[in-house]
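Step one of this worksheet: look at the structure below.
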Amino acid sequence: MAKNYSAYTLEITRTKLSKDLDDTIDELSEIVSITARDRSRFRKMLADAKNSESLLIRSRLSDEEVARFTVQRFRFPDVEVCARLFRQYPLGSTAAHVIGYIGRISQRDQERIDSASEQNSADSEHYDPRLNASNYKGTDHIGKIGVEQSYETELHGQTGFEEMEVTAGGRPVAE
């Protein structure tokens with residue numbers, strides 16, 4: 001139904017911005033291709049974003065583009081290359097109304113997450129760590145409609161890690 005894949009993105013944080021935004025993007029476009037569509041999408045995100053958010057300038061950078069930017073990184077202290085997960089729907093629009101899609105977490109989504117987190121915290125008998133607002137820290141996408149929304153907590157999973165000792169063959173060592 002859907003697959004995740006990783007790709008490099010070029011992102012800027014406004015709070016770190018040391019010079020004019022347009023000048024920065026113009027200079028970046030000499031190193032990495034930034035289309036009019038990329039600029040338009042960036043402007044829209046800029047209008048909707050909080051100051052501290054990292055904003056996507058360009059996604060799916062090639063290895064060559066990452067290398068070109070990395071060599072010039074010293075010129076752009078406010079811009080970063082990030083590895084991000086993206087969702088691909090192999091069937092395209094077939095069954096899209098059922099599968100749904102993911103999108104950036106909006107203010108309304110954030111309020112819904114916070115409300116669910118408060119209710120979850122108040123119900124100690126049925127507490128679910130996946131419904132905790134801190135589970136969405138560092139995440140900027142959420143299921144918007146369809147299966148993606150209905151199964152958001154299952155698909156999103158729980159933030160964290162499990163530390164275990166394994167053998168050289170990768171099998172867990174019994175405790």
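Read-outs throughout are calculated quantities, based only on the coordinates presented, and are distinct from any laboratory measurement. Since this is a predicted model, take the numbers as computed values, not measurements. When we count neighbours, we look across all protein chains shown, and the Cβ atoms used for this are built from the backbone with ideal geometry, even at glycine.
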| remark: Comparing G103, G143, G160 in a Gaussian network model of the chain (Cα, 10 Å), the one with the largest mean-square fluctuation is G160
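Taking the highest mean first, how do the peptides 106-112, 6-12 order by number of other beta carbon atoms within 10 angstrom per residue? Walk me through the intermediate numbers first.
On the way: 106-112: 12.0, 6-12: 17.9.
Taking the mean over residues of other Cβ atoms within 10 Å, the ranking is 6-12, 106-112.
If you take the square roots of the eigenvalues of the alpha-carbon gyration tensor of the range 3-84 and sort them as a ≥ b ≥ c, do you get rounded (a/c under 1.5), prolate (a/b over b/c) or oblate? Let's see the in-between values first.
Details: a/c = 1.45, a/b = 1.12, b/c = 1.29.
Note, shape of the range 3-84 comes out rounded.
When the helix-only estimate is applied to the chain (DSSP H runs of n ≥ 4, each -39,500 (n - 2.57), divided by the residue count), what is the mean residue ellipticity at 222 nm, nearest 500 deg cm²/dmol? Numbers along the way, then the final one.
On the way: 7 runs with 60 residues, N = 175.
About -9500 deg cm²/dmol.
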| query | Expressed in whole Å with the largest first, what are the equivalent ellipsoid semi-axes of the chain derived from the C-alpha gyration tensor as the square root of 5 times each eigenvalue? | reply | 33, 22, 19
| GNM top mover of V79, V147, V98 - the chain, alpha-carbon springs below 10 Å | V98
| request: Excluding A96 itself, calculate the net charge of residues whose Cβ lies under 13 Å from the Cβ of A96, where each Lys or Arg counts +1 and each Asp or Glu counts -1. | output: +1
| message | Apply the Karplus curve 6.51 cos²θ - 1.76 cosθ + 1.60, θ = phi - 60°, to the phi angles in the range 98-104 and return the couplings in whole Hz, x for Gly and Pro. | response | 8, 5, x, 7, 10, x, 4
| request: Before anything else, pin down the relative contact order of the chain: Cα pairs under 8 Å, at least 6 apart, normalised by residue count, whole percent. | output: 25 percent
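How much length would be gained if the chain were fully extended between Q149 and D22, taking 0.36 nm per residue of separation minus their Cα-Cα distance, in nm to one decimal?
Values: separation 127, 0.36 × 127 = 45.72 nm, distance 3.61 nm.
Extra length available between Q149 and D22 comes to 42.1 nm.
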| query | Which whole-Hz ³J(HN,Hα) couplings does the range 115-127 yield from phi under the Karplus relation 6.51 cos²θ - 1.76 cosθ + 1.60, θ = phi - 60°, glycine and proline marked x? | reply | 5, 5, 5, 5, 5, 5, 5, 6, 9, 5, 5, 10, 4
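Full-extension gain between Y5 and S62, please, as 0.36 nm times their residue separation minus the C-alpha to C-alpha distance. Write down the numbers at each step before the final one.
Working: separation 57, 0.36 × 57 = 20.52 nm, distance 1.39 nm.
Taking Y5 through S62 to full extension adds about 19.1 nm, to one decimal.
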| remark: Residues meeting the amide H criterion for I105 (H placed from the backbone, H to H distance under 5 Å, 5 or more places apart or on another chain) are H141, I142
| request: Using the Karplus curve 6.51 cos²θ - 1.76 cosθ + 1.60 with θ = phi - 60°, work out ³J(HN,Hα) for each residue of the range 34-41 in order, rounded to whole Hz, and write x for Gly and Pro. | output: 10, 7, 4, 5, 4, 5, 5, 4
| request: Would you give the gap between the C-alpha center of the range 142-175 and the C-alpha center of the range 81-113, rounded to a whole Å? | output: 18 Å
| task | Could you calculate the FRET efficiency of F74 with R104 from 1/(1 + (r/R0)^6), where r is the beta carbon distance between them and R0 is 25 Å, rounded to 0.05? | result | 0.25
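If you stretched the chain out fully between D123 and Q158, how much longer would it get, using 0.36 nm times the residue separation minus the C-alpha to C-alpha distance? Could the numbers behind the result be given before it?
Details: separation 35, 0.36 × 35 = 12.60 nm, distance 1.84 nm.
Once the chain is fully extended between D123 and Q158, it gains 10.8 nm.
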